Amino acid sequence: MATKAEKDFFDYIQGKIKKNHSYLGFKVYNLTGDDIAKIKELGDKWGIPFEWLCNLMAHESAGTFNPAIKNSIGATGLIQFLGNTAKSLGTTTSALAALSFQGQLEWVDKYLNSWKSTWKKRGLVTSDKVNDNFQQPDLFMTIFYPAAIGKPNFQFPSDVSKANGGIKTPMDYARKALDHPPFPLDQVPSTLPEYRKKVSGEDVGALPPGTPSGDTTTSGTPEVNTTPAIPPIPKIEETAIRFNVEQKDTFKALNAKYNFGDLLVVVEVAADEMFVFQEEDTTLLTNEYTETAFAGDEEVALEYEAQEEFDEAGAADAAEVVKSLESAETVNHGNWKLDLIPGEFVTNGGSKIKCCQIDGAIVNVKIAPSYLDMREAAAKDGVKLKISSGFRSPYDAISGKSESGVAIRASSQKQLYDSYLAGKGNLAAKPGSSNHGNGIGLDLNTGGKSSGRFINVDKKIYSWLVKNSWKYGFIRAVAGEEWHYDYLPDLAKKGPYGKLSAADTGSTKTKFYKDWGLDNITIA
């Protein structure tokens, strides 16, 4: 037997099919009664209303519910799985696209399960099911912006807000996403207590069962549905990105500032179609940046690596340091006992380095003693330094343990860059161009954000670093980032401005804040 909601949803799908609805060339998937029952089954498992799940997949799949739908940057299927997301779950977007609706729904379940611990941490789960604290926007945020899960008053950063029609809160996003949903907000409340009061679960009869879909498990060859073959997706450098009118100006402004490269064509789409700017959604990314590392929310302070860091002169400086470190003996004046990580790590240029863990971050052993010397000196001045991100492989995520048993994890630069290109992350450098991948870049706990001034910056920590980090070979190297320090000992001999201009006015904005006296430091 089917509920009224299931019957209404079946009619909704059939109506779309009759209207020949499609998106990006992908037609509406002809859901059977069996398929719809599986959605209900998934909702019952988690305690999530059937209607909310239908609304989520309607928004993510542009109303097609087609497991094969893929946008221009490769996000695929019912909840627009990214490549990194699929990999973290143990599959690929190609395999997901080849599944039947029911087959891919199993992976939607697995994705939700990957966020179960976050739901619990934020008080949204009791006895393995969501509780009355869980709201419909939380389901959307689990896909779109996990930092906002369980935070109804969360305020999106300005770049996310501008890119998505001025949304401010998770509910704003839900309202925009539910412009033409299967179950509008005025019919289906977004809180569980109100939902139970208003929505009836009465049975109304059976739906057409459809042809049994067979084995939809992940073993063996995935079942292929009847959706037409996926058109080839060109490389991102060779294609246009689809933006609505509001997003187009935002993109142009960013491109003018950071010169993303060969993204030459911008196609305008209807104002109600969102090219979503989202947050990192892989498990590796959520663990790399923690609340103790930055001021403010844990996910808000993700790295914004501006492309201007990597001019030819800067790349030459880094290459020279990396080369000199390869042949140099590790200098350890403080006789620090390093907690080594087994094995070797490959840098941007292909050289192999040994690393240790400090604060759970991966650090090149050749620069670790200098950092520890600096940390000790800071502690004597009442300043506590902490590394939030150290060595980052250009292409391979890192997960393991140090010799002492400390767990270490780091996303690859490619993951950050792909997430940025997918609209799910902040501005990030291309793989192979970040000094994190050279083994000489560290992100420290100064706080701060790429856009704006004085936002979340810890004045005491940041001021100490500007005045003293150069004495230990570390200097600021990215104009917009108060937290990023590169080990460039020769340039550091010139003082805090060995890499960046001291000027904090006009178009320079290097964030050596004049108000704090950081733009006029003299060295002996």
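All but one of (1) touching a residue at least 60 places away in the same chain (Cβ under 8 Å); (2) in contact with a Phe, Trp or Tyr (Cβ under 8 Å, 6 or more places away or on another chain) hold for residue 100; state the number of the condition that does not hold.
(2)
Under 7 Å by Cβ, and 6 or more places apart or on different chains, what pairs join a residue from the range 434-460 that is under 18 Å from residue 488 (Cβ atoms) with one that is of a type in the set (Ser, Thr, Tyr) and modelled with pLDDT under 85?
437/347; 437/393; 438/347; 439/347; 441/434
Which one is surrounded by the most Cβ atoms within 10 Å (Cβ to Cβ), of the residues in the range 311-350 that are within 11 Å of residue 439 (Cβ to Cβ) and at pLDDT below 80?
Among residues in the range 311-350 that are within 11 Å of residue 439 (Cβ to Cβ) and at pLDDT below 80, the one surrounded by the most Cβ atoms within 10 Å (Cβ to Cβ) is 318.
How many of the residues in the range 384-410 are crowded, with 19+ Cβ neighbours inside 10 Å and over 19 Å from residue 487 (Cβ atoms)?
Number satisfying all stated conditions: 4.
Tally time: how many residues in the range 82-105 are modelled with pLDDT of 90 or more and under 20 Å from residue 62 (Cα atoms)?
12
Looking only at residues in the range 45-62 that are in a loop (DSSP other than H, G, I, E, B) and modelled with pLDDT of 90 or more, which one is farthest from residue 14 (Cα to Cα)? Please lay out each step first, then the result.
So the first thing to find is which residues in the range 45-62 are in a loop (DSSP other than H, G, I, E, B), and the list is 47-49, 61-62.
If we keep only those that are modelled with pLDDT of 90 or more too, we end up with 47-49, 61.
Details: 47: 27, 48: 24, 49: 21, 61: 16 Å.
Looking at residues that are in a loop (DSSP other than H, G, I, E, B) and modelled with pLDDT of 90 or more, I get 47.
Looking at the range 1-29, I want the residues that are farther than 21 Å from residue 188 by Cα and have a partner that is basic (Lys, Arg) and surrounded by 17 or more Cβ atoms within 10 Å (Cβ to Cβ) with Cβ atoms under 8 Å, at least 6 apart or on another chain. Which pairs are those?
17/27; 20/27; 21/27; 24/70; 26/70; 28/16
Check every one of the helices (runs of 4 or more DSSP H) wholly within the range 80-133 and list those with 2 or more residues that are surrounded by fewer than 17 Cβ atoms within 10 Å (Cβ to Cβ).
Numbers: elements: 83-89, 93-97, 101-114, 116-121.
It comes to 101-114, 116-121.
Write out, first by first residue and then by second, each pair whose Cβ atoms fall under 6 Å of each other, whose residues are 6+ apart or on separate chains, and whose first residue, in the range 123-134, is closer than 16 Å to residue 151 by Cβ while the second is at pLDDT below 95 and small (Gly, Ala, Ser).
The qualifying pairs are 124/150; 133/123.
When only residues in the range 149-176 that are modelled with pLDDT under 85 and part of a helix (DSSP H, G or I) count, which is surrounded by the fewest Cβ atoms within 10 Å (Cβ to Cβ)?
Here the residue is 158.
The values are calculated or read from the model by the stated rules, or taken from the named source; none is laboratory data. As the structure is a prediction and not an experimental result, all values here were calculated from the model. Heads up, the Cβs are rebuilt from the backbone with ideal geometry, glycines too, and the neighbour counts pull from every protein chain shown.
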